[in-house]
Amino acid sequence: MRPQGPKNIGLGSIKAYKFPVTAISSILHRITGVLMVVLLPFLVWAFSLSMKTQVDFIHIKALLIHSPWSILVWIFLSAVSYHVIAGIRHLIMDLGFAEEMKTANATSMLVIVLGLLVTIFWGLWIWVM
């Protein structure tokens, strides 16, 4: 009889593998953390430049709202929002709540839905309002 142990997922077969919602939520949490680290220097530079003079502030504001650079702002705000929402979920689980699989699945789905809603909100806020 073959021992039943963990199975490794090869990169070639990753498309066929169905990830549970908890794994998707966790992977998105990690991806948003990386996005924040990568985009933070750009936004710190823009903030620093905007604090020099009023003309620089107006220039940076126009650059970040009315140009393709606004996509980076949208990605950063969405990443921070999702990361905070998922982080709160993790903190609640660290306190011993919502650790059962059924509850973990429900809270993972809630985090993903809230993340999508916040992402839509940031897009509307940047480009419509």
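The values are calculated or read from the model by the stated rules, or taken from the named source; none is laboratory data. This is a predicted model, so every value here is computed, not measured. Neighbour counts are summed over all protein chains in view; Cβ atoms, including those assigned to glycine, are modelled from backbone coordinates with ideal geometry.
Brief remarks follow.
- Number of the condition not met by residue 61 [criteria: (1) surrounded by 11 or more Cβ atoms within 10 Å (Cβ to Cβ); (2) under 17 Å from the mean Cα position of the chain (by Cα)]: (2)
- Residue match in segment 92-114 (condition: under 21 Å from residue 47 (Cβ atoms) and either in a helix (DSSP H, G or I) or out of contact with any Ser or Thr (no Cβ under 9 Å at 6 or more places or on another chain) (or both)): no
- When we screen 78, 48, 25, 70 for residues that are of a type outside the set (D, E, K, R) and over 27 Å from residue 114 (Cβ atoms), the only hit is 48.
- Among all residues of segment 50-71, there is at least one that is touching a helix residue (DSSP H, G or I) at 6+ places or on another chain (Cβ under 7 Å), more than 22 Å from residue 125 (Cβ to Cβ), modelled with pLDDT under 95 and assigned to a helix (DSSP H, G or I).
- Residue 72 vs. criteria over 26 Å from residue 21 (Cβ atoms), of a type in the set (A, V, I, L, M) and touching a Leu at 6+ places or on another chain (Cβ under 7 Å): yes
- Checked against (1) over 23 Å from residue 113 (Cβ atoms); (2) surrounded by fewer than 14 Cβ atoms within 10 Å (Cβ to Cβ), residue 18 passes all but a single condition, namely (1).
- Of all residues in segment 75-91, those satisfying the criterion of being surrounded by fewer than 17 Cβ atoms within 10 Å (Cβ to Cβ) and either in contact (Cβ under 8 Å) with a residue 12 or more places away in the chain or closer than 14 Å to residue 124 by Cα (or both) are 87, 90.
- Subset of segment 75-91 (residues that are closer than 19 Å to residue 40 by Cβ and touching a helix residue (DSSP H, G or I) at 6+ places or on another chain (Cβ under 7 Å)): 75, 76, 77, 78, 79, 80, 81, 82, 83, 85, 86
- Residue within segment 3-24 that is part of a helix (DSSP H, G or I) and closer than 30 Å to residue 127 by Cα present: yes
- Some residue of segment 38-47 being surrounded by 13 or more Cβ atoms within 10 Å (Cβ to Cβ), farther than 20 Å from residue 126 by Cα and among the β-branched types (Val, Ile, Thr): yes
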